[in-house]
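Undergrad: Have a look at the structure that comes next, please.
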Amino acid sequence: MKGSDQLVDMALLYVSLGFLCIGGSLPLIPDMHRFFVETRGLMTTAEFAGYIALAQVAPGPNILYVALFGYHVAGIAGALTVLVSVSVAPFVTMIFASYMFERLQTNPWREIVLRGLAPVTVGLMFAGCMLLTRGFADWRAWLLAGIAFTVFMTTKLHPLWMIGAGALAGVVFGL
Amino acid sequence: MSDLPALDPSPAPSPRPTPFVPSRLALFLAFLQIGVSAFGGALPWGRRVLVEERGWISEKEFTEIITICQAAPGPNMVNMAVFIGTRYHGVLGALIAFVGIIGVPLAILLVVNEVYHSYAHLPQVKSGMHGMAAAATAYLLYISLKMGGPFWKRPMGIVLCAAATALAMFAHWHMALVLLVCGSVGVVLSKRGKL
C-alpha cells in the first residue's frame, strides 16, 4: 500500500473511532488491534502493547499512544493524521456542548444514558486487557502483571512507580 | 465511571462564570501546564491547575464539566480543554487549548519513542518493555474495575459487562455493533432503574 493510501486508511479508521470513544479511548483497543495487527499486519502485538506502555511513561493525555501507531506506519505525518482524525468528533461535540452547557445540565437523560453505557464501556476495556495479554512472553509476565495488579488494588502507589518497577523486573529477569 | 457525581434531584443553579476572561496566551499556558505535568492521567492535574491554582472555575463546575466530558466522545481532559477554550474565546480558543494540552506532550512522546527505538535492538530494552507492558496491562485492568462504579452491585450490570467483553473478544463483533446493541440494552435497563 502506498504511503498516502495508508494515511487515508488510518484517517478513515480514526475519524470513525473518534465518534465511538465515549468513556475514553481504551475500549477501542480491540478495534485498533484488529486494524494494525490482524488485518493490516503493520505491527506485532508486542509492538502494539509496547506503544501503549511507552505513552504511559511520557506526560500528556493517554490518548497520545494512538499517535505512536500512526508514527510507526508513516512517521510524523502518520502521527498527526491519526491524532487529528481521532479528535474531529470530540472537538465538534465539545464546542457544541460548551455552547449548550445550561441546557444539558438539566437534562435527566444524560445520567440515564451514562449509567446504561457504563457496563458496556468497562466490558470493552476488559476485552482490551485480554488482547494485550497475548503479547505476554511467558508465565513470568503473567506473574508480574498479577503482582502489579495486587499493588494497584491494595496501595495508593503512583502507577508510574509500578510501571517503572515492571521495566526493571523485565530487565533483571530477562523477560 | 465511579467518579461520576451523584445527581442532585434539584441541582442548585451553578454560579455564573466570573466576568474574568483569561487571555489567549494564558489559556494556552494553562493547558500546556496540564499537558506536560500529566503523568498517568490528566484529570487530577486539570483540577489542580484550573480550580486550585488559576481559580477559573469552581469545584462544582469542574465536576459538572467533567460529567459532560465523560458523556461525549474523547479523552476527558482534552474535551475539557476544548470546552473551556470555547467558553472564553470561541472556536479559536478551543484550538488554542487543544494545541496547548496535546502539542508539547506529543513532541516529548515522539522523542521518547525515537530514543527507545535507537536502543530497541538491545535485549535489555526489549525485556524492559515487556515488563513495562505487563505492568501497564495490569494498570488498565485496575482502571477498568475502578470505572465500573455502581453497576457492580447490580446483577444486570455485571451480565451486560460480561456480554460486551464476550461479544468483542470471542464473537469478534465490531466495536460499534457491541456499543449499539449492548448500549441500547443498557440505556433501557438504566431507564427502568436496573443499573
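Undergrad: Would it be correct to say that A:Met10 is among the hydrophobic types (A, V, I, L, M, F, W, C), more than 8 Å from chain B (Cβ to nearest Cβ) and not in a helix (DSSP H, G or I)?
TA: On the way: among the hydrophobic types (A, V, I, L, M, F, W, C): yes; more than 8 Å from chain B (Cβ to nearest Cβ): yes; not in a helix (DSSP H, G or I): no.
Considered against the rule, which asks whether it is among the hydrophobic types (A, V, I, L, M, F, W, C), more than 8 Å from chain B (Cβ to nearest Cβ) and not in a helix (DSSP H, G or I), A:Met10 comes out as no.
Undergrad: Condition test on A:Ala58, is it aliphatic (A, V, I, L, M) and at the interface with chain B (Cβ under 7 Å from one of its Cβ atoms)?
TA: Values: aliphatic (A, V, I, L, M): yes; at the interface with chain B (Cβ under 7 Å from one of its Cβ atoms): yes.
Yes, satisfied.
Undergrad: Conditions first: (1) in contact (Cβ under 8 Å) with a residue 24 or more places away in the chain; (2) within 21 Å of the chain's Cα centre (by Cα). A:Cys129 passes all but one, so which condition is the exception?
TA: (1)
Undergrad: May I pose another question? Go through the range B:114-132 and report how many residues are of a type in the set (S, T, N, Q) and either in contact with a Phe, Trp or Tyr (Cβ under 8 Å, 6 or more places away or on another chain) or within 7 Å of chain A (Cβ to nearest Cβ) (or both).
TA: The number of residues fulfilling the criteria is 2.
Undergrad: Next up: Take the residues of the range A:86-98 that are more than 15 Å from the chain's Cα centre (by Cα) and more than 7 Å from chain B (Cβ to nearest Cβ): which is surrounded by the fewest Cβ atoms within 10 Å (Cβ to Cβ)?
TA: In this case the residue turns out to be A:Phe96.
Undergrad: Mind counting the residues in the range B:136-162 that are more than 7 Å from chain A (Cβ to nearest Cβ) and part of a helix (DSSP H, G or I)?
TA: Residues in the range B:136-162 being more than 7 Å from chain A (Cβ to nearest Cβ) and part of a helix (DSSP H, G or I): 10 in total.
Undergrad: For the range A:29-44, give me each residue that is under 27 Å from B:Cys182 (Cα atoms) and in contact (Cβ under 8 Å) with a residue 12 or more places away in the chain. If you could, list the steps in order and put the result at the bottom.
TA: Initially, the range A:29-44 is screened for residues under 27 Å from B:Cys182 (Cα atoms), giving A:29-39.
Matches in the range A:29-44: A:Ile29, A:Pro30, A:Asp31, A:Met32, A:His33, A:Phe35, A:Phe36.
Undergrad: Here are the criteria: (1) closer than 30 Å to A:Asp5 by Cβ; (2) within 7 Å of another protein chain (Cβ to nearest Cβ); (3) surrounded by fewer than 23 Cβ atoms within 10 Å (Cβ to Cβ); (4) touching a Leu at 6+ places or on another chain (Cβ under 6 Å). Tell me which single one A:Glu111 does not satisfy.
TA: (1)
Undergrad: Continuing with the same structure: Picking from B:Val112, B:Val188, which residue would you name as being of a type in the set (A, V, I, L, M), more than 29 Å from A:Pro61 (Cβ to Cβ) and in a helix (DSSP H, G or I)?
TA: On the way: B:Val112 fails: more than 29 Å from A:Pro61 (Cβ to Cβ).
From the options B:Val112, B:Val188, the qualifying one is B:Val188.
Undergrad: Regarding the range A:16-31, can at least one residue be identified that is part of a helix (DSSP H, G or I) and more than 9 Å from chain B (Cβ to nearest Cβ)?
TA: Checking the range A:16-31: not a single residue is part of a helix (DSSP H, G or I) and more than 9 Å from chain B (Cβ to nearest Cβ).
Undergrad: If you take the residues of the range A:130-167 that are among the β-branched types (Val, Ile, Thr) and in a helix (DSSP H, G or I), which of them is farthest from A:Ile29 (Cα to Cα)?
TA: A:Thr154
Undergrad: Turning to a different aspect of this structure: Could you say which residue among B:Val185, B:Val178, B:Val111 is more than 7 Å from every other protein chain (Cβ to nearest Cβ) and surrounded by 14 or more Cβ atoms within 10 Å (Cβ to Cβ)?
TA: B:Val185
Undergrad: A further question on this structure: Provide a single number: the residues in the range B:46-92 that are basic (Lys, Arg), within 19 Å of B:Arg24 (Cβ to Cβ) and in a helix (DSSP H, G or I).
TA: Of the residues in the range B:46-92, 1 are basic (Lys, Arg), within 19 Å of B:Arg24 (Cβ to Cβ) and in a helix (DSSP H, G or I).
Throughout, read-outs are computed from the coordinates displayed, never taken from laboratory work. Owing to the predicted nature of the structure, the values given are computational and were not obtained by experimental measurement. Reconstructed Cβ throughout: ideal geometry from the backbone, glycine too, with neighbour counts over all protein chains shown.
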